[in-house]
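Q: What follows is a single structure, and I will ask about it in a moment.
The values are calculated or read from the model by the stated rules, or taken from the named source; none is laboratory data. Bear in mind the structure is a predicted one, so any value in this text is a computation, not a measurement. Please note: Cβ atoms are built from the backbone with ideal geometry, for glycine as well, and neighbour counts cover all protein chains shown.
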2 protein chains.
Amino acid sequence: MSILVVGSVALDSVKTPFGEKSDILGGSATYFSYSASFFMPPGKINLVAVVGNDFPEEHLELLKSKKINLKGLQILEGQTFRWSGCYEGDMNEAKTLTTCLNVFETFKPEIPDSYRNTEYVFLANIDPDLQMDVLSQIKKPKLVAADSMNLWIKIKKQSFIKLLSKIDILVINDGEARIFTEQSSLIKAGKIILDRGPKYIVIKKGEHGSLLFSKKGVFSAPAYPLEKISDPTGAGDTFAGGFFGYLAKLNKTPNESNLRKAIIYGSVMASFNVEDFSLERMKRLTYKEIRNRYKKFKEITSF
Amino acid sequence: MSILVVGSVALDSVKTPFGEKSDILGGSATYFSYSASFFMPPGKINLVAVVGNDFPEEHLELLKSKKINLKGLQILEGQTFRWSGCYEGDMNEAKTLTTCLNVFETFKPEIPDSYRNTEYVFLANIDPDLQMDVLSQIKKPKLVAADSMNLWIKIKKQSFIKLLSKIDILVINDGEARIFTEQSSLIKAGKIILDRGPKYIVIKKGEHGSLLFSKKGVFSAPAYPLEKISDPTGAGDTFAGGFFGYLAKLNKTPNESNLRKAIIYGSVMASFNVEDFSLERMKRLTYKEIRNRYKKFKEITSF
């Protein structure tokens with residue numbers, strides 16, 4: 001089995017109560033693929049994204065070191081997508097300072113031939129029309145999941161609704177679920193989105209954990225309790241990478257039990273990621289640590 | 001075993017997206033005792049509070065119907081404590097419109113002789129000096145828990161700190177824990193408060209669940225997922241009543257496992273309470289429903 005991820009690779013500038021970093025590696029496809037790589041055999045993650053020719057070679061080397069396929073990473077004349085933001089208070093939400101799309105503005109995902117047989121497809125947050133276009137280029141996907149963002153839900157609502165009928169799993173955050181459904185109750189929101197087509201809905205609530213919705217009901221998981229969150233950037237994408245990586249590794253139609261475990265692996269990955277800036281914590285992470293924190297997660301939530 | 005609760009009995013006026021009610025039964029001691037009564041044998045809950053002579057007889061009858069002892073309920077010349085507030089958006093926090101303390105302003109809890117042997121003591125949110133005074137009137141309490149609020153943590157911090165060294169369990173909400181410890185991380189906050197004396201800290205996070213801290217570590221529980229929250233008023237006190245009622249029913253020194261179960265019973269009670277205004281839902285509630293929701297809680301959180 002292999003995973004295709006289409007999304008952003010970016011250079012972030014982030015300020016949190018614990019420090020300030022400029023032009024560090026970020027982007028949804030970056031966090032997702034790095035996180036998923038802990039669950040997959042080498043060479044089984046196919047990344048599609050775009051960067052400018054200013055993108056540091058060392059970041060490419062980092063992704064290559066995790067055996068992530070970069071054939072689908074376009075390197076275009078121009079500047080890489082840059083985002084800057086800061087976190088304050090409970091650090092649950094970033095305040096965006098600047099967004100410079102640069103080469104990402106006209107990103108048109110091209111799926112290399114060698115990627116077209118990928119079975120597990122994760123459409124990170126890009127224009128839903130592009131997400132649909134990517135999907136049409138994949139021959140026979142076994143499992144398709146997608147993320148989105150407020151912007152698309154607002155300005156491309158019909159395309160987003162169309163996308164929902166084509167995917168198996170929607171992974172979004174609480175604010176997005178509320179905006180799309182115009183419901184304050186996330187439980188109602190999850191059920192409404194289920195009716196739009198996906199078999200499963202995952203709603204990420206940041207430090208408050210996550211919810212999984214299926215026809216069988218709701219699964220509710222807290223976040224892993226952490227004393228210190230250095231930088232929440234990429235937590236959602238890292239969660240998605242762990243979640244989807246675990247499901248792809250199983251290589252079978254997931255059931256309720258698998259999906260719940262996948263949610264916890266996603267939470268575990270996110271909990272490591274926020275312990276340092278950029279992918280610094282994941283760079284030092286071992287699979288043994290992931291297993292141990294998964295066990296610890298069980299301990300701290302069972303009654 | 002018996003429970004003593006000292007707190008408020010009030011008349012609330014509440015506005016939520018689901019309705020508006022005036023002068024309905026409320027108050028911390030009311031919600032706490034009614035909730036705890038589901039776990040206790042008849043006549044084993046001793047309430048201490050104060051109301052004015054305008055307090056409707058039907059509310060007294062309601063508490064008596066649950067065999068709550070009202071010997072310690074002072075009925076004074078004057079008006080009952082009145083609070084009005086509204087909820088909007090995610091309904092996690094009340095916006096207080098008016099607070100008229102009335103007879104509650106000069107409340108001096110007097111513990112009837114017949115209450116002085118109570119083993120399980122719950123000090124709901126009142127001035128920490130009064131909480132200490134109550135405690136000194138109890139002969140040999142087995143387990144003492146207390147709640148508080150921002151006001152006391154700000155204006156009577158030293159008294160509150162003194163109280164912490166005298167109680168077994170502190171039950172407060174996330175905002176209060178953050179204000180007291182000046183920490184944004186609740187995990188850090190919980191550990192800091194543990195160092196002040198209580199053996200256990202319960203931090204209530206409203207719709208986001210709750211945390212239990214002990215020397216052994218952290219327990220994290222989500223809230224019971226609800227589609228509709230009609231009125232969150234009293235959720236925290238109802239939680240405390242279920243939590244403490246379950247522990248008192250056990251009638252032994254609680255261990256980590258008991259406390260975790262107590263947290264879930266507290267969450268279950270709170271989840272019922274918010275389904276309607278005032279104590280309306282609890283009035284219709286059966287112990288069988290409580291048991292079933294507890295089981296359902298296990299189902300929706302296990303992995």
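Q: Name, by its number, the condition in (1) surrounded by fewer than 20 Cβ atoms within 10 Å (Cβ to Cβ); (2) among the hydrophobic types (A, V, I, L, M, F, W, C); (3) within 23 Å of residue A:148 (Cβ to Cβ) that does not hold for residue A:250.
A: (3)
Q: Can you pull out the residues in the stretch A:53-85 that are assigned to a loop (DSSP other than H, G, I, E, B) and closer than 30 Å to residue A:17 by Cβ? Give the steps one after another, and end with the answer.
A: At the first step, the residues of the stretch A:53-85 found to be assigned to a loop (DSSP other than H, G, I, E, B) are A:53-56, A:66-67, A:77-81.
Matches in the stretch A:53-85: A:54, A:55, A:56, A:66, A:79, A:80, A:81.
Q: Residue under question is residue A:298, and the condition is that it be over 19 Å from the mean Cα position of the chain (by Cα), surrounded by fewer than 24 Cβ atoms within 10 Å (Cβ to Cβ) and more than 23 Å from residue A:124 (Cα to Cα); does it hold?
A: Details: over 19 Å from the mean Cα position of the chain (by Cα): yes; surrounded by fewer than 24 Cβ atoms within 10 Å (Cβ to Cβ): yes; more than 23 Å from residue A:124 (Cα to Cα): yes.
In short, yes.
Q: Quick one: would you say residue B:8 is crowded, with 24+ Cβ neighbours inside 10 Å, hydroxyl-bearing (Ser, Thr, Tyr), in contact with a Phe, Trp or Tyr (Cβ under 8 Å, 6 or more places away or on another chain) and within 23 Å of residue B:78 (Cα to Cα)? Even if it seems obvious, please write down each step before you answer.
A: Values: crowded, with 24+ Cβ neighbours inside 10 Å: yes; hydroxyl-bearing (Ser, Thr, Tyr): yes; in contact with a Phe, Trp or Tyr (Cβ under 8 Å, 6 or more places away or on another chain): yes; within 23 Å of residue B:78 (Cα to Cα): yes.
Taking the combined requirement at face value, the residue satisfies it.
Q: Tell me, yes or no, whether the stretch B:106-126 has at least one residue that is more than 27 Å from residue B:245 (Cβ to Cβ) and out of contact with any strand residue (DSSP E or B) (no Cβ under 8 Å at 6 or more places or on another chain).
A: There is at least one residue in the stretch B:106-126 that is more than 27 Å from residue B:245 (Cβ to Cβ) and out of contact with any strand residue (DSSP E or B) (no Cβ under 8 Å at 6 or more places or on another chain).
Q: Which one of these is surrounded by 20 or more Cβ atoms within 10 Å (Cβ to Cβ) and within 13 Å of another protein chain (Cβ to nearest Cβ): B:223, B:270?
A: Numbers: B:270 fails: within 13 Å of another protein chain (Cβ to nearest Cβ).
Going through B:223, B:270 in turn, just one is surrounded by 20 or more Cβ atoms within 10 Å (Cβ to Cβ) and within 13 Å of another protein chain (Cβ to nearest Cβ): B:223.
Q: When residue A:216 is evaluated against the numbered criteria (1) surrounded by fewer than 21 Cβ atoms within 10 Å (Cβ to Cβ); (2) under 17 Å from the mean Cα position of the chain (by Cα), which criterion, by number, is the only one it fails?
A: Exception for residue A:216: condition (2).
Q: Just to check your reading of the model, which residue among A:180, A:160, A:213, A:219 is under 19 Å from residue A:271 (Cβ atoms) and of a type in the set (Phe, Trp, Tyr)?
A: Answer to the selection: A:219.
Q: What residue, of B:253, B:286, B:238, is β-branched (Val, Ile, Thr) and in contact with a strand residue (DSSP E or B) (Cβ under 9 Å, 6 or more places away or on another chain)?
A: Sole residue among the options that is β-branched (Val, Ile, Thr) and in contact with a strand residue (DSSP E or B) (Cβ under 9 Å, 6 or more places away or on another chain): B:253.
Q: Related question: Residues to consider are A:169, A:203, A:161, A:187; find the one that is within 14 Å of chain B (Cβ to nearest Cβ) and out of contact with any Gly (no Cβ under 8 Å at 6 or more places or on another chain).
A: Matching residue, one of A:169, A:203, A:161, A:187: A:187.
Q: Same structure, new question: Just checking, how many residues over the stretch B:112-159 are among the hydroxyl-bearing types (Ser, Thr, Tyr), surrounded by 15 or more Cβ atoms within 10 Å (Cβ to Cβ) and without any contact (Cβ under 8 Å) to a residue 60 or more places away in the chain?
A: Total meeting the criteria: 2.
Q: Counting only residues that are at the interface with another protein chain (Cβ under 7 Å from one of its Cβ atoms) and in contact (Cβ under 8 Å) with a residue 40 or more places away in the chain, which one in the stretch B:209-220 is farthest from residue A:208 (Cα to Cα)?
A: The residue in question is B:219.
This table checks each residue for (1) more than 12 Å from chain A (Cβ to nearest Cβ); (2) touching a Leu at 6+ places or on another chain (Cβ under 6 Å).
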position: B:207; (1), (2): no, no
position: B:236; (1), (2): yes, no
position: B:240; (1), (2): yes, no
position: B:263; (1), (2): no, yes
position: B:274; (1), (2): no, no
position: B:299; (1), (2): no, no
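Q: Got a number for residues in the stretch A:63-89 being out of contact with any helix residue (DSSP H, G or I) (no Cβ under 7 Å at 6 or more places or on another chain) and in contact (Cβ under 8 Å) with a residue 60 or more places away in the chain?
A: Number of matching residues: 7.
Q: A follow-up question, please. Only one of these is on the phi > 0 side of the Ramachandran plot and surrounded by 15 or more Cβ atoms within 10 Å (Cβ to Cβ): B:19, B:27. Name it.
A: On the way: B:19 fails: surrounded by 15 or more Cβ atoms within 10 Å (Cβ to Cβ).
Being on the phi > 0 side of the Ramachandran plot and surrounded by 15 or more Cβ atoms within 10 Å (Cβ to Cβ) holds for just one of B:19, B:27, which is B:27.
Q: Taking the options B:162, B:191, B:228, name whichever one is among the charged types (D, E, K, R), surrounded by fewer than 23 Cβ atoms within 10 Å (Cβ to Cβ) and modelled with pLDDT under 95.
A: Testing whether each residue is among the charged types (D, E, K, R), surrounded by fewer than 23 Cβ atoms within 10 Å (Cβ to Cβ) and modelled with pLDDT under 95 leaves just B:228.
Q: Buried (at least 20 other Cβ atoms within 10 Å of the Cβ) and of a type in the set (Lys, Arg): which single residue out of A:95, A:44, A:64 fits that description? If you could, list the steps in order and put the result at the bottom.
A: Details: A:95 fails: buried (at least 20 other Cβ atoms within 10 Å of the Cβ); A:64 fails: buried (at least 20 other Cβ atoms within 10 Å of the Cβ).
Going through A:95, A:44, A:64 in turn, just one is buried (at least 20 other Cβ atoms within 10 Å of the Cβ) and of a type in the set (Lys, Arg): A:44.
Q: Would you mention how many residues in the stretch A:132-150 are out of contact with any Pro (no Cβ under 9 Å at 6 or more places or on another chain), part of a helix (DSSP H, G or I) and modelled with pLDDT of 95 or more?
A: Final tally of qualifying residues: 2.
Q: Here's another thing I want to ask about it. Which of the residues spanning the stretch B:277-303 are part of a loop (DSSP other than H, G, I, E, B), over 16 Å from residue B:33 (Cβ atoms) and out of contact with any Asp or Glu (no Cβ under 6 Å at 6 or more places or on another chain)?
A: Residues satisfying the conditions are B:286, B:302, B:303.
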